[in-house]
Amino acid sequence: MESIPHSDVSILIVEDSKTQATMLQHLLESAGYLALVANNGEEALQILAGQRPSLILTDIVMPGMSGYDLCLAIKSDPRTSSIPVILVTQLYDPQDVIQGLECGADNFIIKPYENQYLLSRIEIIIANRFLQQSETMNIGIEVYFAGKRHFITSNRLQILNILLSTYEIAIQKNNELAETKDRLAAQIEQLSETNDTLQKANDDLSYEITERKRIEGALSQANSKLNLLSSITRHDMKNILMAIRGYHDLSIIGNPDPAFKTYLDKETDLFAKLANQIEFTKLYEELGTYGAVWTPLSMVKGIVFPKSQAIDLTITPEALKYEIFADPLIEKVFYNLFENSVRHGGGVTCISLSAEPDGDNLRVCVNDNGSGVTDEEKEQIFMRGYGKNTGLGLFLVREILSITDISITEIGREGEGACFELIIPTDAFRIIPA
């Protein structure tokens, strides 16, 4: 039998989804067919009243008239009963087959479908159309299924097409299940391999954690011994230094020679520096030992200046609202900043502390009315060993602040006083609860 040119075949699409209908129409027209569209069963019957398409492709689940009802109406009308009807559905169970046979459908298409499968199914239905027209005798069969009686009047070719379509769908579903089973087996094997890898990684991690704890324990013990040694050494050095200073003082009393006294004065200065170095080792040893704490900026009010220094300390009301998260030595930070202003500021009489938001951070400034810092010294003053005395004060300040990621720089102008700027990150400051 010669195949019919696609251009001579018209197909009526009955689909309530405009998107699905448009896509299906485009597919059929691309294949050379003439495609008509009805949005529901009633609209399809109106089209059939004036036209006779070669084939009808209808969705089953539609508002109002279902695809089964539409098919039954088409097959009950002598004018349209010979038009092949393909039912398209997302559902599939034996009841669908019975209802399809009961309403006289010629074939099934299960959603989702591949375009080529749909086109091949249409080809088969169109090719068998003339055979179906020659099949004049319908078989009346009463079937009892799923608790209901069904009367089927489809002819032999329709029944054969439905059964073949059903068998083909069953084979397709079985193949899909087999492929799914194979994929699941591969995934299970992959998961098993992944689980083995994770188990090995977990074992390695457990071993590393055990080793780390062992090493941390050894380091903690070693650190305790070093701290003890440092403490004992510091204590002994202080005692020795005190004894040397005693002999030094006796030398000053017993030897009035001016030239010799010059050397003794230098010794006095060196003794002071050595005492500061010993004190510095104690402070540096304590850095980070006790953990950071929340400390209000108002604590600077408790810093006492030497009686010989008449310093006017002011704190802005805004600064009193905040507390910062820092090492417990934070009070030492501000003491060192104030002492630095007094000692090196050149006649400082006023020191102020202010605080204000700076984006997500908090900007805290310590200003004085002294001589300021030269541009060349702005970074050098924070280096260990730099300065007119021990050079440890500002170095220690930066070390203490860095524990909670607080930065400090000198931003003042020479001749207008020093200005130390502290930038407190967003997680290291907060407003004191009322």
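The values are calculated or read from the model by the stated rules, or taken from the named source; none is laboratory data. Not measured: the values here are computed from a predicted model. Don't worry about glycine lacking a Cβ; one is built from the backbone with ideal geometry, like all the others, and counts go over all protein chains shown.
General observations
- Of the residues screened, Arg413 is not one that is modelled with pLDDT of 90 or more, charged (D, E, K, R) and surrounded by 15 or more Cβ atoms within 10 Å (Cβ to Cβ).
- In this structure, Glu323 qualifies as crowded, with 16+ Cβ neighbours inside 10 Å, closer than 20 Å to Arg363 by Cβ, of a type in the set (D, E, K, R) and under 39 Å from the mean Cα position of the chain (by Cα).
- If you go through the stretch 400-428 and keep only what is under 20 Å from Pro328 (Cα atoms), in contact with a Ser or Thr (Cβ under 6 Å, 6 or more places away or on another chain) and in a loop (DSSP other than H, G, I, E, B), you end up with nothing.
- Of all residues in the stretch 2-33 being touching a residue at least 40 places away in the same chain (Cβ under 8 Å) and of a type in the set (Val, Ile, Thr), the one that is surrounded by the most Cβ atoms within 10 Å (Cβ to Cβ): Val14
- Test: residue in the stretch 353-374 that is in contact with a helix residue (DSSP H, G or I) (Cβ under 7 Å, 6 or more places away or on another chain), buried (at least 17 other Cβ atoms within 10 Å of the Cβ), at pLDDT 90 or above and acidic (Asp, Glu): yes
- Any pair with Cβ under 8 angstrom, 6 or more apart, that starts in the stretch 308-319 at a residue that is acidic (Asp, Glu) and ends at one that is surrounded by 11 or more Cβ atoms within 10 Å (Cβ to Cβ): Asp312/Thr349; Asp312/Cys350; Asp312/Ile351; Glu318/Ser354; Glu318/Ala355; Glu318/Glu356
- Note on the stretch 34-58: residues that are surrounded by 17 or more Cβ atoms within 10 Å (Cβ to Cβ), under 19 Å from Glu123 (Cα atoms) and not hydrophobic (A, V, I, L, M, F, W, C) total 3.
- Segments classed as strands (runs of 3 or more DSSP E), wholly inside the stretch 49-151, with at least 3 members that are modelled with pLDDT of 80 or more: 55-59, 85-89, 107-110
- Selected residue (criterion: nearest to Gly370 (Cα to Cα)) from residues of the stretch 320-358 that are part of a helix (DSSP H, G or I) and among the charged types (D, E, K, R): Arg343
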